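The values are calculated or read from the model by the stated rules, or taken from the named source; none is laboratory data. All values derive from a computational prediction rather than experimental measurement. Please note: Cβ atoms are built from the backbone with ideal geometry, for glycine as well, and neighbour counts cover all protein chains shown.
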Amino acid sequence: MNLNFSGRREVRYGVPAADQVLFNRHYVLGYSFYFRQAKWALEIVDPDNPGLERMDNFRPDFRIPEEFRPDLVDYIGSGFDRGHLIASANQRETELQNSETFLLSNMSPQAPGFNRGIWRELENAIRALNNRDDILETFVICGPIFYFDKPVISIGEGDDGNDVSIPVPNAYFKSVLTEDRKGRLHMWSFIFPNDTADKPVADYQVPTAKVEKYAGIKLWETLVGKQVEQERGRTRKYFGS
């Protein structure tokens, strides 16, 4: 597959492999045909712009082949949220920009207590970090994790067997890479169970190598040596006590 990433600021520090890479106007997403959802979604967080309302126009992504493409009906009655990977509130400078985050390629079946709880809490913390005067840019990559030694349920499979079946992830990862105005890079990576969390965000921090192992992808692969420091001392300061 010949992919041209020239001019895409989001992939400055690397882009993982995927069955289909979807270029949106303000984020890049790597789709898995096997899991019927994104393996990863990569963005640069926009400065906070609270003036624009959510578009809420959830819809299929017709760039994905039909046999691997989820539809709105797959989530109905499933008990799971259409959980954003790229947060709607991270991309709302224009209506078109916000609208793209409601493509179902950017959704993953998330437990309501997770989606509306610690996942949202982390999204809010990332935006607050990005809005600091000393931060130049904030890169975020996230996606699902499936544990092969644990049961995986699915949603969306109809009685006739013709609908797309979407496996429900056991967990989710998110890795945050900031560049400050002095050119220094700092990284935080997290893994959360797809369930209601009872601990602070900071308690779910893990080494980035662990995310790579469980997600099966390479993160920030153009960074080498000591170009970036994996933060621990300031995790609770930025991501909750």
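Worth pointing out:
- Some residue of segment 51-67 being under 17 Å from the mean Cα position of the chain (by Cα) and at pLDDT below 95: no
- Listed conditions (1) of a type in the set (Asp, Glu); (2) exposed (fewer than 14 other Cβ atoms within 10 Å of the Cβ); (3) in contact with a strand residue (DSSP E or B) (Cβ under 7 Å, 6 or more places away or on another chain) are all met by Asp74, apart from (2).
- Residue count for segment 91-135, restricted to those that are in a helix (DSSP H, G or I) and among the polar types (S, T, N, Q): 8
- Qualifying positions in segment 96-117 - over 16 Å from Leu22 (Cβ atoms) and in contact with a Leu (Cβ under 7 Å, 6 or more places away or on another chain): Asn98
- Any hit, segment 80-98, residues being at pLDDT 95 or above, in contact with a Phe, Trp or Tyr (Cβ under 6 Å, 6 or more places away or on another chain) and of a type in the set (Gly, Ala, Ser): no
- Test: residue in segment 135-144 that is under 12 Å from the mean Cα position of the chain (by Cα), among the charged types (D, E, K, R) and surrounded by 14 or more Cβ atoms within 10 Å (Cβ to Cβ): no
- Inspection of segment 86-97 finds no residue satisfying the criterion of being surrounded by fewer than 23 Cβ atoms within 10 Å (Cβ to Cβ), under 23 Å from Glu221 (Cα atoms), within 15 Å of the chain's Cα centre (by Cα) and among the β-branched types (Val, Ile, Thr).
- Candidate set from segment 7-16 (those that are of a type outside the set (Val, Ile, Thr) and in contact with a strand residue (DSSP E or B) (Cβ under 7 Å, 6 or more places away or on another chain)); member that is farthest from Leu223 (Cα to Cα): Arg8
- Residues in segment 188-218 that are part of a strand (DSSP E or B) and not hydrophobic (A, V, I, L, M, F, W, C) were compared, and the one that is surrounded by the most Cβ atoms within 10 Å (Cβ to Cβ) is Ser189.
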